[in-house]
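Report on the following structure.
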Amino acid sequence: MGPVTAREATDVLTVGDFLDLERVSDPQLSPDGTRILYTRSWIDRMDDRWQSDIWVMNADGSRNRFLTKGSTPRWSPDGTRFAFTDEGEPKGTQLFVRWLDTAEATQITRVDNAPSTFKWSPDGKSIAFVMRTPPDDGWKIDMPKPPEGATWTEKPRVIEGVYFRQDRRGFMKEGYLHLFTVDAGGGTPRQLTKGKWNVGARTIGLDYGIGIDWTPDSKNIIFDGLMEDDDPEMQYRRSHLYSVAVATSEVRRLTFHEGPWTGPVVSPDGKHVAFTGFRWTGQTYRVDELYVIGVDGSDQQSLTPKLDRSPQQLHWAPDGSGLYFTAGDQGTANVHFASLKGNVRRLTEGDHMLGLESLAKSGLAVGVLSAPHAPRDIVRFELPSGKGLTRLTAVNEDLLAGVRLGDVEEIWYDSADGTRIQGWIVKPPNFDAEKTWPLILHIHGGPHGMYNVGFNYSFQQLAAAGYLVLYTNPRGSTGYGTDFGNAIDASYPSVDYHDLMAGVDAVIERGWVDTTRMYVTGVSGGGVLSSWTIGHTDRFAGAAVRAPVIDWISFAGTTDITEWGYHRYEPYPWEDPEPWLKHSPLMYVQNVTTPTLMMCGELDLRTPMGQTEEYFQALNAVGVETVLIRFNGEYHGTGSKPSNFMRTQLYLIDWFGKHVREATVEQP
């Protein structure tokens, strides 16, 4: 058979169809609200990676066309240009500016370390960005000079800080992230902040996004970070907001209460700064609140004390009367508005995941929307009404043409103690309620995360292979408030396991499940709970434990999120190991009889390979059928590279298909 050049004719979603999937993200409205820039990503089959291009279209979706390679486009304040990132000289990611009228592009940085998190000044004259600064000389030793022509081993890596590596990035370059500005026409960047601390709210020690915004007069930049503490790396979930004067580099702190304050957004009149966070607490989970503070650091107040959902994607209303934002709620996301007077109302409705990426002065908004049968596309809608939701792109319409997708049914059920739990069932495209089907229980990670109603290629493809796929949001999940999310505080895994098993029972009660062919899987936090599950029940015919934590003590000192690890249980394990052992799946391996597939990325720094290996060897020691698959080129998880995503799907289907449990009377 020759090479496949087009999608093979079939009426269900296949593993190979994934290669034709496209993604859209980051739509940005021009200042006059007439055009939209966005990033469109596709799979490079030759290099086995996602590639990104920048496209543009009119605000009504017409004249949709490719502009240039790159990503993260941002309009200049006058709408004549846009900045973006792409590969440049001398190496790696650089900042570029492209003119719309002539299509000419200029590389405006030529730096050794990649710039990130950039923002135009309101006057359009410069661009602020964040970049890693070179380290000091470090520890010097007086080594003899090697003989001429000798090949000596490269010098060792000397590590002094707690956070020296990060998943999906590897070993961090030495030095600190600081704030710079560069002329919008190019030139030498000017450093605004200095010191042995990082710009960016590293609330769990790592760089997960940096918040910066200019004041309207282009004289100051507001940013998040932690600069005063003698040991900022050890300040778990603590950060502050600061203002730096562009002319003098003088820095002022704006917030003074302890908390993980992040994501500053300056009001149109320059008088207030909006941001998210909460007063510091030792709780495992707490929802963020939306705060405002004076640009001088005065009068910090919460606008959402009663919302009990975390605001995201903050945008000031053009008249400065309040803020628009999105919030995850029971597996969906919609747009809300909080006025400066403290009134909060929901503006959009729908069982979908709706983002708010950009807002024009006219009230026109654009975002990305996904629903059970609809992969991500760009949409527009009007604010403050929330009406007029219109899809502007259809990048996967050709892929899904003629494909029968599985129905997605929402379910609510009672857990063992009566707590109401939400979940969803994806049914095979040829589902017949009079027949019984194999069931896959798919557990999300985090543990503080939220399965949602957005399109899920993996679940749809597993359903197309003939499985019922059950996914739920047990306690510990986000989108249900602080108390629900914090229910696993200091006791994870615990009640979440009972929530998951109650979901399995709820589906069995419908008469659809072949109980001899039930399977459990999950990655990361889902790996924790899938390994915990097989140590507490033998109801599953097979398991696929992916990138798990199975030993909380060894995990805490080897993960890239060390402080998060050491805050799981109290006291420290060397003071009392009992709670750490009690919640480690490894301690229950003697109960396991379920054939178990172990999967982990070779490069995983979040739940390092040692966790997977340790459980694999323990399963062998107690005589359980097990196989270990080590994914090449993969950090945390097993699906960031397109080929590894497809391998994961195929290994799951093949492993589950090999195992059938002996028929017994079910004992829930």
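The values are calculated or read from the model by the stated rules, or taken from the named source; none is laboratory data. These figures come from a predicted structure and were not determined experimentally. No Cβ is skipped: glycine too gets one built from the backbone with ideal geometry, and neighbour counts run over all protein chains shown.
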Just give me the residues in the range 103-153 being without any contact (Cβ under 8 Å) to a residue 12 or more places away in the chain and among the polar types (S, T, N, Q), in sequence order. Thr151, Thr153
Quick check on Val395: is it closer than 28 Å to Arg286 by Cα, in contact (Cβ under 8 Å) with a residue 60 or more places away in the chain and buried (at least 16 other Cβ atoms within 10 Å of the Cβ)? no
Please tell me if Phe278 is among the aromatic types (Phe, Trp, Tyr), surrounded by fewer than 16 Cβ atoms within 10 Å (Cβ to Cβ) and at pLDDT below 95. no
Between a first residue in the range 547-567 that is within 20 Å of Gly522 (Cβ to Cβ) and a second residue that is part of a helix (DSSP H, G or I) and acidic (Asp, Glu), which pairs have beta carbons less than 7 Å apart while being 6 or more apart in sequence or on different chains? Ile550/Glu614; Asp551/Glu614
Taking Lys91 as meeting all but one of (1) at pLDDT below 90; (2) within 22 Å of Tyr38 (Cβ to Cβ), write down the number of the exception. (2)
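Just to be sure before I move on: is Pro372 within 30 Å of Asp654 (Cα to Cα) and modelled with pLDDT of 95 or more in the structure I sent? Lay out the reasoning, then the answer.
Values: within 30 Å of Asp654 (Cα to Cα): yes; modelled with pLDDT of 95 or more: yes.
Criteria met by Pro372.
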Unique residue being aliphatic (A, V, I, L, M) and in a strand (DSSP E or B) when the list is Leu652, Leu628, Leu603: Leu628
When the residues of the range 226-248 are filtered to those that are modelled with pLDDT of 90 or more and touching a strand residue (DSSP E or B) at 6+ places or on another chain (Cβ under 8 Å), which remaining residue is nearest to Gly161 (Cα to Cα)? His240
Could you count how many residues in the range 296-316 are crowded, with 20+ Cβ neighbours inside 10 Å and assigned to a loop (DSSP other than H, G, I, E, B)? 5
Looking for something surrounded by 13 or more Cβ atoms within 10 Å (Cβ to Cβ), closer than 17 Å to Thr558 by Cα and in contact with a Ser or Thr (Cβ under 9 Å, 6 or more places away or on another chain) - is there at least one such residue anywhere in the range 618-641? yes
Ser385 passes all but one of the listed conditions (1) at negative phi; (2) in contact (Cβ under 8 Å) with a residue 40 or more places away in the chain; the exception is number (2)
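I'd like to know if the range 431-440 contains one or more residues that are more than 16 Å from Ile508 (Cα to Cα) and in contact with a Phe, Trp or Tyr (Cβ under 8 Å, 6 or more places away or on another chain). Lay out the reasoning, then the answer.
First pass over the range 431-440, keeping only residues more than 16 Å from Ile508 (Cα to Cα): none.
No; the residues of the range 431-440 include none that is more than 16 Å from Ile508 (Cα to Cα) and in contact with a Phe, Trp or Tyr (Cβ under 8 Å, 6 or more places away or on another chain).
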Single unsatisfied condition, Glu575 versus (1) closer than 22 Å to Thr521 by Cα; (2) surrounded by fewer than 16 Cβ atoms within 10 Å (Cβ to Cβ): (1)
Would you confirm, using the coordinates I've provided, whether Ala105 is within 30 Å of Thr638 (Cβ to Cβ), at pLDDT 85 or above and surrounded by 15 or more Cβ atoms within 10 Å (Cβ to Cβ)? no
If we take the range 417-480, then strands (runs of 3 or more DSSP E) inside it with 2 or more residues that are touching an Asp or Glu at 6+ places or on another chain (Cβ under 8 Å) are 420-426, 437-443
Restricting the range 23-37 to residues that are surrounded by fewer than 19 Cβ atoms within 10 Å (Cβ to Cβ) and within 20 Å of the chain's Cα centre (by Cα), the one farthest from Ala374 (Cα to Cα) turns out to be Ser25
Could you say whether any residue in the range 488-497 is surrounded by fewer than 21 Cβ atoms within 10 Å (Cβ to Cβ), in a helix (DSSP H, G or I) and either among the hydroxyl-bearing types (Ser, Thr, Tyr) or in contact (Cβ under 8 Å) with a residue 12 or more places away in the chain (or both)? yes
Regarding Thr533, is this residue surrounded by 24 or more Cβ atoms within 10 Å (Cβ to Cβ), among the polar types (S, T, N, Q) and touching a helix residue (DSSP H, G or I) at 6+ places or on another chain (Cβ under 7 Å)? yes
Here the qualifying pairs (Cβ atoms under 7 Å; residues six or more apart or on different chains; first in the range 402-415 and in contact (Cβ under 8 Å) with a residue 24 or more places away in the chain; second exposed (fewer than 15 other Cβ atoms within 10 Å of the Cβ) and in a loop (DSSP other than H, G, I, E, B)) come out as Gly402/Asp11; Val403/Asp11; Arg404/Asp11; Leu405/His373
Taking the range 77-133 and the residues there that are among the acidic types (Asp, Glu) and more than 26 Å from the chain's Cα centre (by Cα), the one that is nearest to Tyr176 (Cα to Cα) would be Asp112
Just a yes or no: is a residue in the range 511-526 buried (at least 21 other Cβ atoms within 10 Å of the Cβ), hydrophobic (A, V, I, L, M, F, W, C), part of a helix (DSSP H, G or I) and in contact (Cβ under 8 Å) with a residue 40 or more places away in the chain? no
Give the range 317-334 a look and list any residue that's part of a loop (DSSP other than H, G, I, E, B) and under 14 Å from Ala360 (Cα atoms), or say none. Ala317, Pro318, Asp319, Gly320
Among (1) free of Cβ contacts under 8 Å to residues at least 60 places away in the same chain; (2) buried (at least 22 other Cβ atoms within 10 Å of the Cβ); (3) of a type in the set (Val, Ile, Thr), Val344 falls short only on (2)
Residue list for the range 284-295, filter: surrounded by 15 or more Cβ atoms within 10 Å (Cβ to Cβ) and of a type outside the set (D, E, K, R): Thr284, Tyr285, Val287, Leu290, Tyr291, Val292, Ile293, Val295
Taking the range 601-644 and keeping only residues that are within 21 Å of the chain's Cα centre (by Cα) and farther than 27 Å from Val15 by Cβ, one is left with Leu605, Pro608
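Could you list, in sequence order, all residues of the range 393-412 that are under 30 Å from Leu500 (Cα atoms) and of a type in the set (Val, Ile, Thr)? I'd like the intermediate steps shown before the answer.
Pass one, the range 393-412, residues under 30 Å from Leu500 (Cα atoms): 404-412.
Within the range 393-412, Val408, Ile411 meet the criteria.
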